[in-house]
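Have a look at the structure below, then the notes.
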Amino acid sequence: MLTHFTVGLLAMGFLNRPAPMGVPAASRARSSSSVVRMAKTIDFDDASREKLMQGIDAVANAVKVTLGPKGRNVVLERSYGAPEIVNDGVTIARDIELADPQQNVGVKLLVEVASKTDLKAGDGTTTSTVLAQAMVKEGLKSVAAGASPVALQRGINKCARRIVVEINKLSKPIKGNDDLRAIASISTNSVEMGRIIATAFEKVGALGSTTVEDGQVLTDEIDFTEGMEIDRGYVSPYFVKNQETQSAQLNKPRVLVTDRKLSSMQEMVQLLEAIVKTKQPLVIFAEDVSGEALSSLVLNKMRGVLDVVAVKAPGFGDRRRAYMEDIAVLTGATFVTEQLGITMEQVTPDMLGTAERVVVGKEVTTIISTGEHTDAVAARIKLIQKQKEEADNQFDIEKCDERVAKLGGAIARIKVGAATETELKDKKLRYEDALNSVKCALEAGVGAGG
């Protein structure tokens, strides 16, 4: 039989240690009072299982009240600020900690279950918590009755694989926007919130991205961004063409993408002379543009010789390189990088990309593609999705989704409005869970019961 034990830390108190010869009694007393040793409590069999089950029950019973469209809310106390009213299983589970360290082991097990579900699927954390409680409860009964824990685990894994196959057979694909609205409405428990999510997905498409942000008004709003948007603007305000909007719009420009720091004009002269002859606008994405190169570009811009805008590369470190490669793929440009041994003197007009329109603001740049490089973009999206599957943390997964959406060409932002901070947090959690539910439904379909 598998021995199950739980380890908790308890203080034993003060212990006397033998003092060296010649040390006075008072010194000996002081030295003995300064030593505190910690011990570990080890439980076996039924005693350990009982404590484990108590911790699991504590979490599951608090979480299961939120299950389903008729689920209720849970109030979480905060040491500062107003309490939170939530309907999200993983948020509730993470907030629970028991005084008994042995029961707390069971709590941590269910928190791990909910967290993994949240990371992989984004929703269904309450369901997975309730299922885990039932599986542990019935499993402990079988072990107590003499079943082999190892054989029991193998049986559970075998059944799980067969159940997944059967669920996939029963699932039905999403047929239209009405199905999306129904799924989102059930997940958020709100028809209006479901309508907003369905509208967002209808506009951005399968490859687009929908994010949730804090709004500035009391009602919920949706903003749509067309094309690839990067969080970098022009290097110098002298590139501005529209003084009212403080932006520069270039129609059908050529696009240079490089990870080099451009400071010398000499290395760019040959390329710029070729661009001047074609009278096409030019957008430069580089790690930095400064010194002689920047002043010369600004001077030619102001004289009307060359319609040009320089933009700093987005992101940092390895992620910066990935963003630059995305821009190169979207525009059909050759990524001019030191790693390929390409110098600026070797760059020709054929290595430049093209775009339908580029709008450069103070802090944001939007690239509208020509649509001529759809095959390369699709291959790039597949590569990013593979990187997402291999990612081991939520931040990297979100960045991969963001890159796919930018390449796909559309981003929707749901700006959540609320009268209080408590209501805002609750609505944001509902929106996030519903968005993940809709994404899963689009990928794998939907079945009876969710």
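The simple Förster model, with R0 at 41 Å and r as the Cβ-Cβ distance, assigns Gln346 and Ala121 a FRET efficiency of 0.30. With 31 Å as the limit, the listed pairs Lys120/Lys261; Lys279/Lys386; Lys175/Lys427; Lys116/Lys158; Lys241/Lys406; Lys70/Lys116 have Lys120/Lys261; Lys279/Lys386 beyond it between alpha carbons.
Each Cα pair under 8 Å and six or more residues apart adds its sequence gap; the mean of these over the residue count of the stretch 73-206 is a relative contact order of 11 percent. With a simple spin-label model that places each label point 7 Å from the Cα along the Cα-to-Cβ direction, the separation between Val65 and Arg357 comes to 5.3 nm.
Across the stretch 330-450, the mean sequence separation of Cα contacts (distance under 8 Å, 6 or more residues apart), normalised by length, yields a relative contact order of 15 percent. Values of log10 I(q)/I(0) for the stretch 93-233 across q = 0.10, 0.15, 0.18 Å⁻¹ run -0.59, -1.02, -1.20, by the Debye formula with one identical scatterer at each alpha carbon and no solvent.
Model label sites at Leu383 and Val165, defined 7 Å from Cα along the beta-carbon direction, differ in position by 3.6 nm. With viscosity 0.692 mPa s and temperature 37 °C, the Kirkwood radius over alpha carbon pairs of the stretch 394-450 converts through Stokes-Einstein to a diffusion coefficient of 243 µm²/s.
Helix 394-408 and the longest principal axis of the C-alpha atoms of the chain enclose an angle of approximately 30°. The length gained by stretching the chain between Ile222 and Lys261 to full extension, at 0.36 nm per residue less their Cα-Cα distance, is 10.3 nm. Give the residue from Gln243, Thr354, Val63 lying farthest towards the positive end of the charge dipole for the chain; charges sit on Cβ (+1 for Lys and Arg, -1 for Asp and Glu) and the dipole is referred to the Cα centre. Of the candidates, Val63 comes out farthest on the positive side. Once you list every other residue whose beta carbon is under 14 Å from the beta carbon of Val204, what net charge do they have if Lys and Arg are +1 and Asp and Glu are -1? Summing Lys/Arg as +1 and Asp/Glu as -1 gives -2. A cut-off under 12 angstrom between Cβ atoms defines the neighbours of Gln280, and their net charge, with Lys, Arg +1 and Asp, Glu -1, is +3.
Starting from the Kirkwood radius over alpha-carbon pairs of the stretch 325-446, derive D by Stokes-Einstein at 37 °C in a medium of 0.692 mPa s and give it in µm² s⁻¹. The calculation lands on 187 µm²/s. Looking at the P(r) of the stretch 71-120, how many percent of alpha-carbon pairs lie beyond 13 Å? Above the 13 Å cut-off, the stretch 71-120 has 61 percent of its Cα pairs. In the stretch 330-383, the portion of solvent-accessible area held by carbon and sulfur atoms comes to 50 percent [1.4 Å probe, whole percent, DNA, RNA and ligands not counted].
In terms of its alpha-carbon gyration tensor, the stretch 32-178 comes out oblate; a/c meets the 1.5 threshold, while b/c is at least as large as a/b. Angle of helix 177-188 to the longest C-alpha principal axis of the chain, folded into 0 to 90 degrees and rounded to 10: 40°.
Net length available on complete extension from Lys203 to Ala391 is 64.9 nm, with 0.36 nm assigned per residue and the Cα-Cα distance removed.
The equivalent ellipsoid that matches the C-alpha gyration tensor of the stretch 213-351 spans semi-axes of 28, 20, 14 angstrom, in descending order. The slack in the chain from Lys40 to Ala274, taken as 0.36 nm per residue of separation less the alpha-carbon distance, amounts to 76.6 nm.
Note that the chain carries a Kirkwood radius of 26.7 Å, evaluated over its alpha carbons pair by pair.
Here is how the number arises for the chain: DSSP H runs of 4 or more residues each give -39500 (n - 2.57), the sum is divided by the residue count, and the result at 222 nm is -16000 deg cm²/dmol. If you take the alpha carbon atoms of the stretch 311-388 and fit the smallest convex hull around them, that volume is 121 Å³ per residue. Neighbours of Ser290 by Cβ distance under 13 Å: Lys/Arg scored +1, Asp/Glu scored -1, total 0. With a 10 Å cut-off between alpha carbons and a GNM built on the chain, which of Ser209, Ser185, Ser48 moves the most? Greatest mean-square fluctuation among the candidates belongs to Ser48. Give the angle, between 0 and 90 degrees and rounded to the nearest 10, that separates the Cα long axis of helix 101-120 from the longest principal axis of the Cα atoms of the chain. Tilt relative to the chain: about 30 degrees.
Pairs of Cα atoms nearer than 8 Å and 6+ residues apart set the relative contact order; for the stretch 199-296 it is 24 percent. Per residue, the stretch 217-299 exposes an accessible area of 51 Å² to a 1.4 Å probe, with every protein chain left in place. The Cα trace of the stretch 113-181 gives Rg and Dmax of 16.1, 52 Å, the first to one decimal, the second as a whole number. The calculated FRET efficiency for the pair Ala448 and Glu213, based on their C-beta separation and a Förster distance of 30 Å, comes to about 0.30. Overall shape of the stretch 289-348 was characterised from the C-alpha gyration tensor. The equivalent ellipsoid obtained from it has semi-axes of 24, 14, 13 Å, in decreasing order.
The values are calculated or read from the model by the stated rules, or taken from the named source; none is laboratory data. Quick caveat: nothing in here was measured; it's all calculated off a predicted structure. Every residue, glycine among them, receives a Cβ derived from its backbone with ideal geometry; neighbour counts consider all protein chains shown. The accessibility values were calculated without ligands, DNA or RNA, using every heavy atom of the protein model including side chains. Shrake-Rupley method; radii C 1.70, N 1.55, O 1.52, S 1.80 Å.
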